[in-house]
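First the structure, in the form of structure tokens, and then the observations on it.
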Amino acid sequence: MVLRIIKKEKNEMKIELDGEDHTLGNLIQHTLLMDKDIEFAGYDLPHPLSRKPIIYLRTKKGLKVENVFKRTLEKVSKQANEFLANFSKAVEK
Amino acid sequence: MKITILEQNGNSLRFVLSGVSAPFANAIRRIIMAEVPTMAIDDVMMFENTSAMFDEMITHRLGLVPLTTDLDTYLLPEECDCESEFGCNNCRVSFTLDVKAEAELKMVYSGDLIPENADVSPAVKKIPIVRLANNQRLKLEAYARLGKGLEHAKWQPVSASTYKFMPIVEIDTKKCDGCGDCVKYCPKNVFSIEKLKPVVQNEINCTLCMECIRHCPIEPSPIKISHDKKTFIFYIESTGSMPASKLVKEAVKILERKTQSVIEQYKKVK
Amino acid sequence: MGTAEEKPTTGIEYECISCKEKVTAEQLAITPEIKCPICGYRVLKKVRPQIVKHIKSR
């Protein structure tokens with residue numbers, strides 16, 4: 001998986017995840033939209049067979065965009081770890 | 001986030017996951033199907049085939065046989081250092097098959113594949129491969145490797161990986177006339193009659209088909225059917241490569257690894 | 001003088017349908033018509049070559 005930043009301005013960013021698909025794209029989009037600092041977020045696959053989703057995010061006026069993306073990914077990672085812990089406990093019972 | 005196991009027998013697993021978003025549940029479902037590595041036969045050296053089926057057809061069938069998988073011992077070929085076309089002991093397992101039919105018809109089964117390592121063997125032994133007639137013989141050597149469902153369906157570790165929303169079925173007994181039609185027409189026996197009025201006895205089995213409301217003589221119906229958008233009832237059925245609970249764990253580990261990979265690359269490029 | 005040169009054989013074999021005798025491609029090339037040299041039957045079957053075939057199960 002190769003990450004490329006296609007566009008970066010003060011409060012908006014376009015990132016390409018070469019090698020991914022809707023699995024991560026939709027998840028990242030949804031988690032971005034739940035963030036209070038995000039004004040707009042979306043993802044698109046320019047071609048369904050190409051597996052190169054582009055994630056677009058735009059923060060509210062005056063807020064920095066870089067930290068929001070990292071914050072969102074960390075939220076997803078935390079949720080995945082929480083799932084693993086809860087699931088292991090539930091299966092052992 | 002809350003997880004409750006409803007049913008677990010061998011290869012199938014039914015559990016309830018609540019407190020997560022639909023994209024998270026969908027990511028788990030998609031990764032279980034397409035990105036959890038499984039063992040499957042990929043290369044076959046055909047020594048003798050005098051059967052009625054041609055070589056490519058037999059090897060295609062062998063590729064589809066589910067094999068028990070040990071993810072800790074073997075590596076995906078792209079991650080293995082050997083970088084050889086045929087693989088090494090870390091990324092490839094071999095099988096031999098040598099069946100000859102004598103006087104009677106003989107069926108070659110998946111159980112006739114003799115593994116080099118007993119940890120990676122056919123999950124089901126009675127899958128018919130080809131039928132041999134008198135004096136026909138099938139002799140081959142097969143090589144299995146790890147792969148993902150994305151590349152070819154033979155590497156899909158599940159026969160079912162699905163979820164549905166938790167149904168919410170409510171009856172306003174004050175408005176209900178006790179005709180019993182909902183009990184009669186429900187295909188999943190969600191309702192039963194108690195003290196002349198219908199009660200919800202089996203809410204979790206509801207498929208949201210709305211047949212009860214359709215047949216209810218009162219309009220608007222006292223039955224209210226909806227679903228909880230944050231609670232998912234998962235059903236995972238493995239083909240035998242790994243127990244279903246292990247599949248779910250591996251899938252979420254892969255999701256976590258993917259997210260970490262995005263974070264690392266982002267930090268570098270930022 | 002010296003050993004006779006070995007003509008390169010293709011190793012391709014055929015089997016007559018009626019008398020079930022094996023015939024090589026060189027033996028068939030002798031006459032212009034395709035005929036079993038033993039019984040004269042004109043239908044022959046190609047015998048699978050003794051090569052190990054590598055197939056991808058896709």
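The values are calculated or read from the model by the stated rules, or taken from the named source; none is laboratory data. Source: prediction; values computed, not measured. Because the Cβ atoms are built from the backbone with ideal geometry, glycine has one as well, and the counts that use them run over all protein chains shown. Side chains are part of the model used for accessible areas, which takes the heavy atoms of the whole protein and leaves out ligands, DNA and RNA. Shrake-Rupley method; radii C 1.70, N 1.55, O 1.52, S 1.80 Å.
Of the numbered criteria (1) surrounded by 18 or more Cβ atoms within 10 Å (Cβ to Cβ); (2) more than 19 Å from the chain's Cα centre (by Cα); (3) at the interface with another protein chain (Cβ under 8 Å from one of its Cβ atoms); (4) touching a residue at least 40 places away in the same chain (Cβ under 8 Å), the one B:S51 fails is (3).
For the stretch B:170-185, filtered to residues that are part of a loop (DSSP other than H, G, I, E, B) and open to solvent by 60 Å² or more (accessible area, probe 1.4 Å), the residue that is nearest to B:V16 (Cα to Cα) is B:T173.
Which residue is least open to solvent (accessible area, probe 1.4 Å), if the candidates are limited to the stretch B:218-260 and must be assigned to a strand (DSSP E or B) and more than 22 Å from A:S88 (Cβ to Cβ)?
Applying the filter and picking the extreme gives B:I223.
Can you confirm whether C:R48 is under 30 Å from B:T96 (Cβ atoms) and at pLDDT 85 or above? When the stated conditions are applied, C:R48 passes them.
Just one of (1) within 14 Å of chain A (Cβ to nearest Cβ); (2) open to solvent by less than 60 Å² (accessible area, probe 1.4 Å); (3) out of contact with any Ser or Thr (no Cβ under 7 Å at 6 or more places or on another chain) fails for B:H215. It is (1).
In the stretch B:8-18, the condition of being more than 10 Å from every other protein chain (Cβ to nearest Cβ) and closer than 13 Å to B:K230 by Cβ is met by at least one residue. Restricting attention to the stretch B:22-48, the residues that are small (G, A, S), facing chain A (nearest Cβ under 9 Å) and open to solvent by less than 10 Å² (accessible area, probe 1.4 Å) add up to 1.
For every residue, the table says whether it meets (1) under 18 Å from B:S241 (Cα atoms); (2) touching a helix residue (DSSP H, G or I) at 6+ places or on another chain (Cβ under 6 Å).
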{"residue": "B:N49", "(1), (2)": "no, yes"}
{"residue": "B:E83", "(1), (2)": "no, no"}
{"residue": "B:F86", "(1), (2)": "no, no"}
{"residue": "B:N89", "(1), (2)": "no, no"}
{"residue": "B:V99", "(1), (2)": "no, yes"}
{"residue": "B:I114", "(1), (2)": "yes, no"}
{"residue": "B:K125", "(1), (2)": "yes, yes"}
{"residue": "B:A133", "(1), (2)": "no, no"}
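Could you list, in sequence order, all residues of the stretch B:90-119 that are open to solvent by less than 60 Å² (accessible area, probe 1.4 Å) and of a type in the set (D, E)? Matches in the stretch B:90-119: B:D112 only. Note on the stretch A:43-87: residues that are within 13 Å of another protein chain (Cβ to nearest Cβ), open to solvent by 80 Å² or more (accessible area, probe 1.4 Å) and assigned to a loop (DSSP other than H, G, I, E, B) total 2. Taken over the stretch A:1-42, the criterion of being open to solvent by 50 Å² or more (accessible area, probe 1.4 Å) and assigned to a strand (DSSP E or B) is satisfied by A:V2, A:R4, A:I6, A:K7, A:K8, A:K14, A:E39, A:F40.
To keep it simple, each residue is scored yes or no on (1) under 30 Å from B:E85 (Cα atoms); (2) open to solvent by 60 Å² or more (accessible area, probe 1.4 Å); (3) not in a helix (DSSP H, G or I).
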| position | (1), (2), (3) |
| --- | --- |
| B:L138 | yes, no, yes |
| B:E141 | yes, no, yes |
| B:I168 | no, no, yes |
| B:P187 | no, yes, yes |
